[in-house]
Each structure stands twice: as structure tokens, then as C-alpha cells.
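Worksheet: the structure to be examined is printed underneath.
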Ligand code: OFO
């Protein structure tokens, strides 16, 4: 039986993962309309991962006989200045998600909820990977540059990446 505060925090995290999924879909669409198909594909696939993160939390709540409360998800941003702007924002967003996961882990420790603490370790490891992935992309786009042909190569690079 989960404690009330933990249930609320897990439900809030579900909404955050779903928002991340929508944000990356919005970014993906911006990339496609700006003829950046490689980046569009990468973000589309990554949005799917975020949706899986939300479902994994739902499954955990279901397994503990706890009702999932799906929340209203705010509209994500859909105007971006450049490919670099898109990926700087993905990185900033992942930092926020990490902070949220860490707060959730702190809560389970304070509540001595060892099962949820253990379950959340998957997210701790995932955030480490995602921060590294997005920081690496930002660095690479800066290295390649965004002028003229460079944009084409940056997009090719993104299209070749594994989004998971
Ligand atoms: Fe990109 O993060 Fe989910 O958890």
C-alpha cells in the first residue's frame, strides 16, 4: 500500500513524462516542417520513449493497486529559433526531469518506501543517459555549426542516432 504523498508525486511524474512526450512531438513536427527530417525522426522516436516512461509509472501504480490519475497536460511550445535552440531546450528539459526524479527519490527515502525507492532507480539511471545524450547533441550541433551546408550535416548526424 503506497502512502498518499508518494501516490501524488508518482501521478505528477506521469504528467511530466507525458508533457515531455508532447514537447518532443512538437519539436519533431517543427523539424519536419523546416525540412530537418533526421532531427524530426529522432525526436519522434524519443517522444515514444517518454510515453513509455509514463506507462512504466502507471504500471507500477496498477501493480500496487493504486488508481492512476491522469492529469491535464499543458500545451507545449511549438516555435523554435533553430536546431540548436530545439536541442538546448531538450537538454534544459531533461535537467528539470532529473530534478523531479531526484525529489521523488528523496520523498521515498523520507517515507521509508523502499519498494518505490528501488523502482525509481531505473529512472535515475535513465536520466543520467538522457542528459549525456542531449548534452552530446548540443555540443555536436555547436561543433558542426548551423550555417549553410552545416545544417544538412547536423541533420544527417541526428538521423543516424539511436533515439533510445
Ligand atoms: Fe527524458 O526522461 Fe523520461 O524519465
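Laboratory data are not the source of any read-out in this text; all were calculated from the coordinates shown. Fair warning: this is a prediction, and the values are worked out from it, not measured in the lab. Note that each Cβ is placed from the backbone with ideal geometry, even for glycine, and that neighbours are counted across all protein chains shown.
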Extension gain from residue 52 to residue 70, taking 0.36 nm per residue of separation minus the Cα-Cα distance: 5.0 nm
Just to be sure I understand: with springs between alpha-carbon atoms less than 10 Å apart, which residue in 147, 54, 15 has the highest mean-square fluctuation in the Gaussian network model of the chain? 147
Quick one: angle between helix 4-33 and the longest Cα principal axis of the chain, in degrees between 0 and 90, rounded to 10, please. 10 degrees
Give the peptides 102-112, 71-81 in descending order of average Cβ contacts within 10 Å, highest first. 102-112, 71-81
Can you give me the relative contact order of the chain as a percent, contacts being Cα pairs under 8 Å and 6 or more apart? 31 percent
Segment residue 62-residue 82, length gained on full extension (0.36 nm per residue, minus Cα span): 3.1 nm
Between the helical axis of 149-160 and the dominant principal axis of the chain, each derived from Cα atoms, what acute angle in degrees is found, rounded to the nearest 10? 40 degrees
If R₀ is 25 angstrom, what is the calculated FRET efficiency for the pair residue 162 and residue 121, using the beta carbon separation as r and rounding to 0.05? 0.65
Using Cα springs under 10 Å in a Gaussian network model of the chain, which residue among 17, 69, 45 shows the largest mean-square fluctuation? 69
Measure nothing fancy, just the Cα-based angle from helix 83-110's long axis to the longest principal axis of the chain, in degrees from 0 to 90, nearest 10. 10 degrees
